[in-house]
Amino acid sequence: NGYVINSAIDGSILMKSFLSGNPELRLALNEDLVIGKGTSSYGSVVLDDCIFHECVHLDEFESSRTLHFLPPDGEFAVLNYRVTTDFRCPFKIFPVIEDNGQYKLDVIIVVRAEIPEGNYGTNVTIRMPVPRATVGASSEFSVEIPGSFTEYNTSEKKLVWSIRKFTGGSEVTLRARITLDQPITAMHRKEIGPISMSFEIPMYNVSNLQVRYLRISETHKSYNPYRWVRYITQSSSYVCRL
């Protein structure tokens, strides 16, 4: 019915540094960042908890949400964090099952991208188990999307729907027509689902944790670093019950 039963974000800030001499770096996060459930204020970014790398100094963190540290060579996690408070899921799935005769079922799957229009999901895959008695499955789209296709895996009894690029703010509908080799019963309907979804969203962070700036503490003539910050949201376990 569309209600979220359980949701969590496992996030991290990963850094890859190739600076010679290990200069001290300063990394600033959201000024309205709050650590700890139940301590939130309106508009703030709330993390349940976070774990910092051992190289991070926190003497300015409480006053300005700034970290300073001497980065080790290569890649490391500056911090790991977790969020279990309510947040806006990037995608929502609305499934409906309809009878279409004695041996046929229709499953309508509406998927809505709840991310801003300027963002998009990539490598989006939606998987739906079908009854073991299924002998065939076909599908049709409400709107044709370039790079979108479905495939019925007969050995695993799953319908797989792939979308190469899912634009934020848009909605797509798939009607799956399932044919069984025996009359439909309530048990067959229970075998449908749950629907699972995997995706990536570049340059988007569900928790709204942001890097305000990343800079070298002491400027030096020999340093002219090229630096960049990128965000990515990846699904871990996204399941919708029918």
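Any read-out appearing in this document is the output of simple, stated calculations on the displayed coordinates, not a laboratory observation. Small disclaimer: the values here were computed from a predicted structure and weren't measured. Note: ideal-geometry Cβ built from the backbone for every residue, glycine included; neighbour counts use all protein chains shown.
Within the shell defined by Cβ-Cβ distances under 11 Å, the residues around residue 189 carry a net charge of -2, with Lys and Arg each +1 and Asp and Glu each -1. Checking every one of the GluC sites (Glu not before Pro) in region 51-130 against DSSP loop status and a limit of 13 other Cβ atoms within 10 Å picks out 54, 60, 114, 117. For the chain, what does -39500 (n - 2.57) per DSSP helix run (n ≥ 4), summed and divided by total residues, give at 222 nm, in deg cm²/dmol to the nearest 500? When only DSSP H runs of four or more count, the value is -500 deg cm²/dmol.
What is the distance in Å between the Cα centroid of region 18-84 and that of region 223-242? Computed from Cα coordinates, the inter-centre distance equals 17 Å.
When peptides 167-173, 2-8 are sorted by average Cβ neighbour count within 10 Å, with the highest value leading, the order is 167-173, 2-8. Legend: residue pairs 16/37; 104/157; 92/190; 92/158, Cα-Cα distance threshold 27 Å; pairs beyond threshold, 16/37.
Each Lys and Arg Cβ is given +1 and each Asp and Glu Cβ -1; about its Cα centre, the chain then shows a dipole of about 580 debye.
This structure gives semi-axes √(5λ) of the Cα gyration tensor in Å, computed directly, and of [x] 46, 19, 15; [y] 28, 25, 18; [z] 26, 22, 17 that value is listed as [x]. Selection among 122, 108, 74 by position relative to the dipole of region 73-131 gives 108 as farthest towards the positive end (Cβ unit charges, Cα centre).
Report for the chain the percent antiparallel among DSSP-assigned beta bridges with both residues inside it, nearest 5. About 95 percent, rounded to the nearest 5.
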